Amino acid sequence: MASLGAVRPETLPINKSTCKFCALPVQWVRTRDDRPIPMQPGEFPAWAIPVDRRWSFTRDRLHHAPWLDGLEKCRLVHLDVCPARPKPENAVMLELWERLRARAERQNGGIPVEQVLLEEEPEAGATLEP
Ligand SMILES: [Zn+2]
């Protein structure tokens, strides 16, 4: 990529879709090594997110960003807060997980998210093809 500097997230080639495990919206974004990763929509304060769970956009790609300053915003991989997966330990991620779980159940007519599963349980750290 020839351009330098940050690119606003909305200018990135984002593919909006839904998670196949909870049926909630996700944003598919490519990493620098061209892997598609389902991201949780929205930005989060880096100070509240564990260092190893912080992601960011640089230029036109998504990358893991453990170095982010706590005052900056970061992005989360959806599978880290997917309500079809086990509860995260981090307090902010757990709060988001609980909100997403309630949203998923509302969206799916009160059906518990476990019954929404379309496929097998995702493995920890797995990335999914759209
Ligand atoms: Zn999900």
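Summary table below
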{"read-out": "Between segment 14-69 and segment 77-118, the alpha-carbon center distance in angstrom", "value": "17"}
{"read-out": "Per-residue ³J(HN,Hα) for segment 89-100, Karplus 6.51 cos²θ - 1.76 cosθ + 1.60, θ = phi - 60°, Hz, x for Gly and Pro", "value": "7, 4, 4, 5, 5, 5, 4, 5, 4, 5, 5, 5"}
{"read-out": "DSSP-defined antiparallel bridges as percent of all bridges, segment 9-80, nearest 5", "value": "95"}
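Read-outs: derived from the displayed coordinates by stated rules, not from any lab. In this text the structure is predicted, and so the values were computed from the model without any measurement.
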